[in-house]
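Down below is the structure, laid out as structure tokens.
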Amino acid sequence: MLRKGASRLALRSIASPTARPAASFNRTSPIQQFTTQFGSLASRRPQLPQTAHLKPIQAAIARRNITEKQKEVESKYQHEEIKPTPERVTATSSTHPIFGEVATETPVKEVDMMAGVKHDVGTVKDTFSLKTVPREAYYMGLAGTLPYLATSVSTVYLSWEINHANAGYGFLVNETDAIRLLHLLEPLQIGYGASILSFLGAIHWGLEWAGFGGYQGYKRYAIGVVAPAVAWSTLLMPIEGALITQFLGFVGLYYVDTRATYRGWTPHWYAVYRFILTFIVGASIVVSLIGRGELPGHVPSAVTRAEVFHDKGSSEERLAKEEEARAAQKKDAAVSDDRGEDD
């Protein structure tokens with residue numbers, strides 16, 4: 001009776017503690033070793049079915065517990081026809097990364113080395129975009145910077161002419177005309193800068209009257225008072241001091257306009273608009289200061305120019321007078337020599 005197949009199967013399913021003493025130890029199955037929350041290889045490595053480590057009777061019982069839905073899925077896969085895919089067979093189809101899928105190509109991502117620079121450039125463009133600025137205000141504002149640019153470029157050119165005329169050669173005008181034109185540009189540049197600075201301060205009065213961003217009272221009125229006070233005081237200063245003061249005035253008013261924009265006192269585009277115009281005017285003032293710094297030492301200042309022009313004249317005139325004096329000295333020396341020979 002013990003030799004029958006059913007009896008041998010039943011006896012084989014009973015574990016013998018004396019024959020296998022190591023079976024009493026708890027041993028983690030291969031499936032559980034790779035299914036923890038820290039094991040990322042669980043879904044990538046081939047695994048044995050859950051009934052593989054069970055004994056025959058236990059496996060038979062586990063198979064009987066399969067639901068009807070699972071049976072349908074198994075039947076579907078059982079009768080599924082596998083289609084040939086020869087296009088996937090390549091020289092490298094049998095060699096793939098450990099963490100990659102079988103018979104699939106790993107996409108290669110190209111790294112854009114200029115991505116950071118492009119992002120920064122795009123940020124700058126978006127920050128200083130003038131698309132929201134009204135076209136009339138944009139064009140009129142740029143046109144208002146042209147007199148500053150013209151006087152700055154003229155100052156640099158006249159300084160170059162004076163330096164080269166003093167060395168003995170010029171390009172278009174002589175030294176005297178260059179100095180006179182330079183002193184004519186000084187009040188034009190300072191007066192125009194004072195007018196523009198006063199105008200920018202008066203804009204806040206108009207915004208206050210219109211009630212843009214609410215009525216702020218004396219705080220906004222003060223901006224329109226301090227700006228012209230600083231601007232017109234530069235008319236009494238020497239040229240270099242006036243240019244520096246106006247530069248500080250434009251930069252300070254830009255800071256005030258920026259804070260006002262952030263608080264909603266002005267349109268949202270006003271801060272960027274003011275930055276562009278302030279940059280052009282500030283660069284023009286710096287160019288004018290650089291040009292005036294290259295002037296020779298004999299060029300008169302704004303205080304003594306009338307006296308110097310009346311008494312001394314230009315360097316050419318001084319050189320002509322010196323040549324006349326030397327010729328007179330030589331003539332006197334020759335006359336005295338002739339008298340000595342006659343004696």
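The table below lists the values:
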| item | result |
| --- | --- |
| Segment K71-K131, extension gain: residue separation times 0.36 nm, minus the distance between their alpha carbons | 15.0 nm |
| Relative packing of peptides 321-329, 263-271, 239-247 - highest average C-beta neighbours within 10 Å first | 239-247, 263-271, 321-329 |
| FRET efficiency, R180 to V225 (Cβ-Cβ, R0 35 Å, nearest 0.05) | 0.40 |
| Potential lengthening between N163 and Y215 on full extension [0.36 nm per residue; Cα-Cα distance subtracted] | 13.2 nm |
| Student exercise, region 132-302 dipole from Lys, Arg, Asp, Glu Cβ charges, in Debye to nearest 20 | 700 |
| Computed label-point distance, nm, for sites V156 and V89 using a 7 Å Cα→Cβ extension | 7.5 |
| Quotient of Cα Rg and 2.2 N^0.38 Å for region 132-302, N being how many residues it contains | 1.19 |
| Nearest-0.05 FRET efficiency for W205 and I290, computed from C-beta distance (R0 41 Å) | 0.70 |
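Readers should treat all values here as calculations from the given coordinates under stated rules, not as data from a laboratory. Only a predicted model underlies this, so the values are computations on that prediction, with no experimental measurement involved. Don't worry about glycine lacking a Cβ; one is built from the backbone with ideal geometry, like all the others, and counts go over all protein chains shown.
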